[in-house]
1. From the list 126, 96, which residue is under 18 Å from residue 65 (Cβ atoms) and among the charged types (D, E, K, R)?
2. Would you kindly identify the helices (runs of 4 or more DSSP H) lying entirely within segment 1-101 that contain at least 1 residues that are surrounded by 12 or more Cβ atoms within 10 Å (Cβ to Cβ) and at pLDDT 95 or above?
3. Could you please give the count of residues in segment 111-145 that are within 14 Å of the chain's Cα centre (by Cα) and within 16 Å of the ligand (Cβ to nearest atom)?
4. Would it be correct to say that residue 166 is modelled with pLDDT of 95 or more and under 17 Å from residue 24 (Cα atoms)?
5. Can you confirm whether residue 58 is touching a strand residue (DSSP E or B) at 6+ places or on another chain (Cβ under 9 Å), aliphatic (A, V, I, L, M), within 16 Å of the ligand (Cβ to nearest atom) and in contact (Cβ under 8 Å) with a residue 40 or more places away in the chain?
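The values are calculated or read from the model by the stated rules, or taken from the named source; none is laboratory data. Please read these numbers as outputs of a predicted model, since none were measured by experiment. Heads up, the Cβs are rebuilt from the backbone with ideal geometry, glycines too, and the neighbour counts pull from every protein chain shown.
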Amino acid sequence: MRLKLQVHLPHYITNWFPLAVWRMPDDSKTVFLTFDDGPIPEVTPWVLDLLRKNNIKATFFAVGENVFRYSEIFEQIIDDGHAVGNHTYHHLQGLKSNNRTYYKDIVHANKLIGSNLFRPPHGWLKRTQYRYLSGKYKIIMWDVISCDYNQNITKEEVLQNVLDYARNGSIITFHDSLKAADHLYWVLPRAIEALKAEGYVFSKIEFPKVRRLIVSPTLQRIRRIRNNIRQFSLWA
Ligand SMILES: [Zn+2]
């Protein structure tokens, strides 16, 4: 099989971000569908309908400004039992953003989204952003990108991208966006059908909350007092 970097990245690249999740540690025949950039009324309710009919739980990496604008669709995602992740408020590109602005945008989005999962728009981060955000969120990347947003390839090629590279634990990326809609309407039902026929089941992405790496000032103060008491009792 020809290696398509835009669809699937080899180990020597994914190893640059070892704390990020590229594939779920699940050795059963399970794949994890993810949808980026929504929610929007033109596409997301259609995706939700299709997932409901197929009894599939998936993960939606929502853009904060869309959640603000279409909060009822976001509520529907939650009510249907799917997982949600933070995809920044303004769909900012990490490599082009100053860190302070980038982090503020993510915090702003998380007031609406409330998730411990984060996926960087355009799939890339600066090393400093990666290190900082890994302490706060589980960074979810992908094992397979369908390239549904790419107008220069056919819908058949989009479907083939998914079917060629899907394997146990694959995190598969689609987009509930206008740009991807034409491809998605055709590809998603067929991808689901074909993966089911291959014996795959579908699951959403869940991780326990990321442990805070930085000790809070209050905790530092408590530790200092405890140490002082210990010192004092030794001395006394
Ligand atoms: Zn995106």
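1. 96
2. 44-53, 64-69, 71-79
3. The total comes to 19.
4. yes
5. Yes.
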